[in-house]
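These notes are about the structure you will find just below.
The values are calculated or read from the model by the stated rules, or taken from the named source; none is laboratory data. Small disclaimer: the values here were computed from a predicted structure and weren't measured. Heads up, the Cβs are rebuilt from the backbone with ideal geometry, glycines too, and the neighbour counts pull from every protein chain shown.
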Amino acid sequence: MTEFIFFINQVVISGAVLGCIYALGAVGITLIFGILRFAHFAHSELMTSGAFFAFLLAALFASWGIVTPIPMGFVVLPLAMVLSAIFALGVDKGFYAPLRQRGAKPVILLIASIGVTLMVQGLIRLFFGAGSYSFFENETKDVFRVDTSFLGSTRPLVITEPQLLMIIVTIISVLALHFFLTRSRLGKAMRAMADNADLAQVSGINTALVVRVTWVVAGALACMAGTMLALDVTLKPDLAFNIIIPIFAAAIVGGLGQAYGAIAGGLLIGFAESLAVFNWTMVLRPLNGVLPEALQLPATLALVPTEYKLTVAFVILVVVLLVRPTGIFKGASS
Amino acid sequence: MALIELKHVVAGYGGAPILNGVDMAIEQSDIGVIVGPNGAGKSTTLKAIFGLLKVTGGTIEFDGEDVANSLPDKLVPRGLSFVPQEKNVFTSMSVEENLEMGAFTRRDDFKPTMDWVYAMFPVLAEKRRQPAGELSGGQRQMVAMGRALMSKPRLLMLDEPSAGLSPRYVIEIFETIVRVNKEGVGILMVEQNARQALAFASKGFVLAQGQNRFTGTGAELIADPDVAKSFLGG
Amino acid sequence: MIARSLSLFAGLFALILVIGWLMGVPFTSSRLVEATAYALIALGLNIQWGYGGLFNFGIMGFLMLGGFAVTFISYPINPSFWGSDGPWMLGRAALAFGAGALLVYAARQSHRLGLRGGWKTFTIVLAWSVAYCLYRSQIDPAAAYIESTAGFVGGLGINPVFGWLFGGVLAAGVALIVGKIALGLRTDYLAIATIGISEIIRALIKNMDWLTRGTLTVSPIPWPTPLPQEYQASGADQLSSLILARGGYLALALLVLAAAIWLVSRAYAGPWGRMMRAIRDNHVAASSMGKDVKSRQLEIFVLGSVLMGIGGAMLVSFTQIFDPSSYQPINHTFLIWVMIIVGGAGNNWGAVFGAVLIWLVWVISEPLAKTIFETASYWSTSVGWPEIPDIESRSAQMRVFVLGLVITIALRYAPKGLIPEVVRRDS
């Protein structure tokens, strides 16, 4: 039983947290791809800058003496999301829209987004330096330990407050997104434009408005993902840059342009990474009692050594691109 | 004053113009049909009216106002609607959602219009929750038309509505077009099925090499030996 | 057009002279050698993108392969490895690898035994799993053993130029595999796939301590031409020995670059080049004309990678140290892309020009930023404001910002590059 709880701590909780972050980032990527037809590489910078917005707001609130029961990062999140949405709109207006007007190919837009990534990274490092910051300098990070001795386990179920809130917030956001896309006029217009941009225009849909809404949604979700990641680990300038590839992998695995696919892809890759580096020996240890001497389990029995954790996403991506380029939910491909 | 009037319209996709001075006029009571050989500029005329390509000469007057080179999202609220020939439904969205998209520019309650469309196409009412991509060709064409009608247009433009349809659906589509016209919507359509379409056209235009060669009622054009010989084929 | 190219190159030459005067000859000579290597790499990318329209964003991986190749070939032999059981264990691991590969191949041919659909897929997955376990069972103990006894396998002690060639060969081999997998995808997918693959290569090289010493790095790696120390030993003073030695290396590097440019230009001008451009500009039309698009694209991809491998090897030889952690996507992938976008994709001279220009901009932006910050700090303290903290690290970060800015400006104002492709009128 102890082993089972260990498994839940290491794989289920850890995978869920990672999966939520990947999912929120991937939804933004997939929406931008569906509507604007290009791979927005600078999405990681929307996430990192969003986290920095939240950090600054949290520090500001703390300096005003405001104290809240839940971590300040979550309290300021809605405000930070607004700032990120405005930032995303600004980036599009300044860098991508001019190129789109001149009929630039998707590849050129990808390169432009790389330029944006570098500039934003440079600016963040310029203002904040290359070190790390913590959301929890002035408040404690609550850790919940659920005693599971009634189940026969010697280990408690461990989950931190940010992690728990993260999962709840993600669920709420996914539901909100679902209602937006299926019940609201603008949400349906977004789906229409992703489905058939020319027909959407012919139907009289204001395509410029839909593009703006897309950036607002993508920017807000990216801010959420980045802030949650920073709350779970620490805030550094290359916070999200390291995970941009798993996020793209999640979007592609789920089918580019399919919002639900992106969520599924994010969770899949989050769990896959946690599962891949999980040390099975800890769980299978009781078996050592029944196995003969020669077949004793080694000290660490993991599918993939821990150093290769991020590589798991790349491998999944390559395999999916080979086997089913349209992804789980059949999005766009070649 | 005609509902829509084209005067010496010159338009193209960038290089050499495809329309070289097209003149035509339609009333709200008309069913206008454009026929002619391939490459004559039939579809191009509709696209030029709807702002989908650049008009470099002449005027397109809708209600007396020049709307040349306006974008669709400005034209639809004025009362123009367009059904493209291909990819004319949102395949991943349900029939009802397709219709809702047609009403995007409307601010008022469009349920009565939706009921009217369902009354006109009963089979769509049955399949309202199905994704449009799962329907047959003829049913898709109905969804496409329904979508265009949701904005309560005064002029409905259709690009080869009978293309690729089985004969039974061709008749049904043409009958629907006549019915829609009787309910007060002007029609301007391009057709390959020239004879069949001209049979109920109140105004026919024969386009060749980017210009309007013959104008008359449908019946007149069918009866005209020059037209029949050169342009109507079989 | 020619006049413009010549004046641009003249300007570049003037820039080199200015930098030489401002920063000193030793600094400038090193930068020029590096610029030559980058020019070769940019040429490789130009072949892939400018000629083939292929979007390779995994350049870093190929550079690492080249670096590893030259390290393995030219680093002195490690007697404690060859004297131990290490080679024998590696041999067994190689056998296991081969057996695993055979197993997977057999599984993919299992349809000949009548296995179809779901059963065949199951067999293939099973074969992969067994092959993986088999290989891991041999390589893990081998790796642990080598790391504990000999440290790492060491090198072969052969002349570095062969290391450069091996870099090209290794890059070609990997490019062949990657190309077969990824070239069918649309351009932005290919970009992401190549990024992923280059990250996989980086993880492997960084962590295979038994082969590459990983983060412990390998040095010193020998030069193909005489080192400064050798000149000093025969009586030259420090400055002249540096200049002579680096000049020698530069001469060799320029020779390699010139040979590459000549070969590529010849190919471009001939029928092969015309076919390539036809495929790039409209591969749907080209394939309907019967041209084997996939094979041609694979050729281009491999050819470009060869140049990248050689360039990567040249860089590592020059710095004499192979450090897997020093490879960053910004420096080793994006920088090259900026080089050909700004220089002119589709034009060899544009690629070379872009490489030298961007490399110089990249290396002087840090000292330049530092000077600007220090001057600003001086002015701010003299009016009573605090001085700017962390000038060192902030100056280093400015390079990244400048690079992004250069990309943005280039895309807006010179989308075809400063020395763009010459559109030939094919008769």
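Checking the stated criteria, residue B:92 turns out to be facing another protein chain (nearest Cβ under 8 Å), in a loop (DSSP other than H, G, I, E, B) and of a type in the set (Gly, Ala, Ser).
Per-residue answers, yes or no, for (1) surrounded by 13 or more Cβ atoms within 10 Å (Cβ to Cβ); (2) free of Cβ contacts under 8 Å to residues at least 40 places away in the same chain:
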site	(1), (2)
C:102	no, yes
C:120	yes, yes
C:128	yes, yes
C:135	yes, no
C:149	yes, no
C:156	yes, no
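Taking the stretch A:201-211 as the range and being free of Cβ contacts under 8 Å to residues at least 60 places away in the same chain and more than 7 Å from chain B (Cβ to nearest Cβ) as the test, the residues that pass are A:207, A:208, A:209. Picking from residues in the stretch C:180-189 that are of a type outside the set (Asp, Glu) and facing chain A (nearest Cβ under 9 Å), the one that is surrounded by the most Cβ atoms within 10 Å (Cβ to Cβ) is C:182.
Tell me whether the stretch C:48-60 contains one or more residues that are in a helix (DSSP H, G or I), within 30 Å of residue C:127 (Cα to Cα) and within 29 Å of the chain's Cα centre (by Cα). No; the residues of the stretch C:48-60 include none that is in a helix (DSSP H, G or I), within 30 Å of residue C:127 (Cα to Cα) and within 29 Å of the chain's Cα centre (by Cα). When residue A:185 is tested against the conditions (1) within 11 Å of another protein chain (Cβ to nearest Cβ); (2) crowded, with 19+ Cβ neighbours inside 10 Å, the lone failure is (2). What do you reckon, is residue B:73 away from every other protein chain (no Cβ under 12 Å) and among the acidic types (Asp, Glu)? So residue B:73 does not fit the description; no. Could you tell me whether the stretch C:207-222 includes any residue that is within 14 Å of chain A (Cβ to nearest Cβ), part of a loop (DSSP other than H, G, I, E, B) and more than 24 Å from residue C:28 (Cα to Cα)? Yes, the stretch C:207-222 contains at least one residue that is within 14 Å of chain A (Cβ to nearest Cβ), part of a loop (DSSP other than H, G, I, E, B) and more than 24 Å from residue C:28 (Cα to Cα). All of (1) within 29 Å of residue B:182 (Cβ to Cβ); (2) away from chain A (no Cβ under 14 Å); (3) crowded, with 16+ Cβ neighbours inside 10 Å hold for residue B:20 with one exception: (1).
Those strands (runs of 3 or more DSSP E) of the stretch B:5-78 in which at least 2 residues are charged (D, E, K, R), considering only elements entirely within it, cover B:54-62. Within the stretch C:321-372, the set of residues being charged (D, E, K, R) and in contact (Cβ under 8 Å) with a residue 60 or more places away in the chain comprises C:323 only. Here residue B:99 qualifies as under 20 Å from residue A:202 (Cα atoms) and surrounded by 19 or more Cβ atoms within 10 Å (Cβ to Cβ).
If you check A:176, A:130 for being within 20 Å of the chain's Cα centre (by Cα), surrounded by fewer than 16 Cβ atoms within 10 Å (Cβ to Cβ) and either within 14 Å of another protein chain (Cβ to nearest Cβ) or farther than 30 Å from residue C:390 by Cβ (or both), only one passes: A:176. Here residue A:170 meets each of (1) among the hydroxyl-bearing types (Ser, Thr, Tyr); (2) touching a helix residue (DSSP H, G or I) at 6+ places or on another chain (Cβ under 6 Å); (3) closer than 19 Å to residue A:27 by Cα; (4) surrounded by fewer than 20 Cβ atoms within 10 Å (Cβ to Cβ) with one exception, condition (4).
Screening residue B:118 against (1) more than 27 Å from residue B:51 (Cα to Cα); (2) in contact with a Gly (Cβ under 9 Å, 6 or more places away or on another chain); (3) within 12 Å of chain A (Cβ to nearest Cβ) leaves a single unmet condition, (3). Taking the criterion of being among the hydrophobic types (A, V, I, L, M, F, W, C), in contact (Cβ under 8 Å) with a residue 12 or more places away in the chain and either outside any helix (DSSP H, G or I) or facing chain C (nearest Cβ under 9 Å) (or both), the residues of the stretch A:302-315 that qualify are A:302, A:303, A:304, A:310, A:313, A:314. Applying the condition of being under 10 Å from residue C:65 (Cβ atoms) and not hydrophobic (A, V, I, L, M, F, W, C) to the stretch C:158-179 and asking which residue is surrounded by the fewest Cβ atoms within 10 Å (Cβ to Cβ) yields C:173. If only residues of the stretch C:410-427 that are at pLDDT 75 or above and more than 17 Å from residue C:355 (Cα to Cα) are counted, the one that is surrounded by the fewest Cβ atoms within 10 Å (Cβ to Cβ) is C:413.
Given the condition among the small types (Gly, Ala, Ser), free of Cβ contacts under 8 Å to residues at least 40 places away in the same chain, part of a helix (DSSP H, G or I) and surrounded by fewer than 24 Cβ atoms within 10 Å (Cβ to Cβ), answer yes or no: does some residue in the stretch B:122-129 qualify? Checking the stretch B:122-129: at least one residue is among the small types (Gly, Ala, Ser), free of Cβ contacts under 8 Å to residues at least 40 places away in the same chain, part of a helix (DSSP H, G or I) and surrounded by fewer than 24 Cβ atoms within 10 Å (Cβ to Cβ). Taking the criterion of being part of a helix (DSSP H, G or I) and either of a type in the set (D, E, K, R) or without any contact (Cβ under 8 Å) to a residue 12 or more places away in the chain (or both), the residues of the stretch A:212-262 that qualify are A:212, A:232. For residue B:44, the conditions (1) more than 24 Å from residue B:23 (Cβ to Cβ); (2) more than 8 Å from chain A (Cβ to nearest Cβ) are fulfilled apart from (1).
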